[in-house]
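Below: one structure, written as structure tokens.
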């Protein structure tokens with residue numbers, strides 16, 4: 001299907017806003033728009049999903065192999081009219097000197113043309129060598145068009161168009177003037193997520209309106225049409241029978257979930273039952289497992305504290321042995337309290353430690369974690385001490401917590417910070433809580449292992465067809 005990578009010369013150029021607007025504008029035309037996001041990100045995909053009406057899927061070189069990226073792209077791209085892949089950072093930026101995990105590398109891998117979003121504030125003639133340099137740096141990358149952003153007015157736009165037309169062969173397919181109503185509110189982790197913003201629909205509508213008037217959508221579609229067709233692969237169907245019921249917290253406080261991870265649960269027969277930690281009185285009935293992902297519990301801590309019946313329901317369920325997995329914000333919620341500035345609110349209290357918010361990140365970026373000897377989930381390929389690649393991004397620390405015979409470490413940190421720079425993850429009874437965000441990928445099929453663990457605890461009769469060590 002037609003597809004295009006949206007990238008930039010550097011971060012904060014406006015590519016997320018432009019990508020959101022393109023998804024919404026093309027959707028309004030009646031097209032099926034499939035969004036993707038490069039790298040480990042939750043917030044941008046939530047906005048892209050809201051704008052397109054389809055789940056957004058992450059493509060990440062650090063946690064996925066090349067073939068796996070292609071398979072994921074093809075699985076969710078094949079039934080769309082057009083796919084938009086939003087990059088992260090600049091086109092050639094990345095962890096490695098050779099650019100093997102850059103946006104350009106992704107565009108090359110999935111055979112996608114590139115549209116550059118250029119923040120043109122303060123630029124006139126200097127935009128030409130910028131574009132020419134990006135073209136010359138890797139001649140195998142097809143920079144098929146540019147969208148000029150943050151323009152100062154019609155005169156500024158005219159100058160830039162003349163310069164680009166005179167010195168380069170790249171098409172200017174859009175010129176967006178500065179508009180205050182295109183800005184999405186930001187906080188410490190980036191944009192405020194769409195699940196938390198009551199004005200999300202209005203933001204998307206305003207952005208789409210400006211994109212429609214500023215970007216030549218026909219040219220954009222034509223660029224996407226130049227992408228070669230992907231192989232038509234056959235993908236296995238989800239399990240036909242339900243093996244277990246997993247409660248997943250999804251509300252304004254908790255919304256950091258990879259769509260592919262939730263799909264993986266359903267693929268192996270799990271029924272996903274969503275619940276609201278802010279407004280529901282208790283956990284759903286007859287569940288076999290619990291998953292509380294990341295989010296912003298600190299922004300909702302007073303309301304979380306006020307829902308005493310939900311906190312008690314979760315506390316009692318974990319103490320009774322309910323298999324539970326909690327990531328980052330979920331772990332914060334399970335601690336005794338959250339303190340932010342001069343305010344402090346009580347949380348679930350199953351983890352005997354206090355969460356304290358800080359002004360600067362305490363853990364940020366990719367991590368490598370090695371399973372400890374105490375790890376409670378079934379083994380991966382029957383080997384102990386498995387190392388996984390994941391990511392973390394938290395401004396909080398877990399204070400007043402000490403490991404003991406009841407609360408054991410889950411992972412040794414090989415890269416990253418985790419809880420204290422040495423370990424991450426706390427195991428108590430059938431609970432695993434950690435700062436690391438994991439991806440369900442070939443090298444780390446955490447979903448299958450978690451469901452195996454649930455089924456072991458549920459009943460040995462339900463293990464038919466599930467391969468265990």
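Here, each number is a calculation from the coordinates, and none is a lab measurement. All values derive from a computational prediction rather than experimental measurement. Cβ coordinates were reconstructed from backbone atoms using ideal geometry, including for glycine residues, and neighbour counts include every protein chain displayed.
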Report relative contact order for the chain in percent, whole number only (criteria: Cα-Cα under 8 Å, sequence separation at least 6). 13
Calculate the spin-label point distance for residue 320 paired with residue 387, positioning each point 7 Å from the Cα along the beta-carbon direction, and give it in nanometres. 4.1
Determine, from the Cβ-Cβ distance of residue 309 and residue 404 and an R0 of 22 Å, the FRET efficiency 1/(1 + (r/R0)^6), rounded to the nearest 0.05. 0.15
Over its alpha-carbon atoms, the chain yields an Rg and a Dmax in Å of 23.1, 73
Could you check what % of the DSSP bridge pairs in segment 244-463 are antiparallel, to the nearest 5? 60
Could you tell me the largest-minus-smallest coordinate of the C-alpha atoms of segment 3-225 on each of the three principal axes, in descending order and whole angstroms? 42, 42, 35
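With the alpha-carbon atoms as the only input, what is the per residue convex hull volume for segment 279-415 in Å³?
For segment 279-415, the hull spanned by Cα atoms encloses 118 Å³ per residue.
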So how much slack lies between residue 202 and residue 459, counting 0.36 nm per residue of separation and subtracting their Cα-Cα distance, in nm? 87.7 nm
By how many nm would the segment from residue 344 to residue 155 grow when fully extended, if each residue of separation counts as 0.36 nm and the alpha-carbon distance is taken off? 62.8 nm
Residue separation times 0.36 nm, minus the C-alpha to C-alpha distance between residue 286 and residue 359: what's the value? 22.2 nm
Compute the distance in nm between two label points, each set 7 Å from the Cα along the Cα-to-Cβ direction, one at residue 10 and one at residue 74. 3.9
Cα centroid separation, segment 93-124 to segment 285-343 (Å): 39
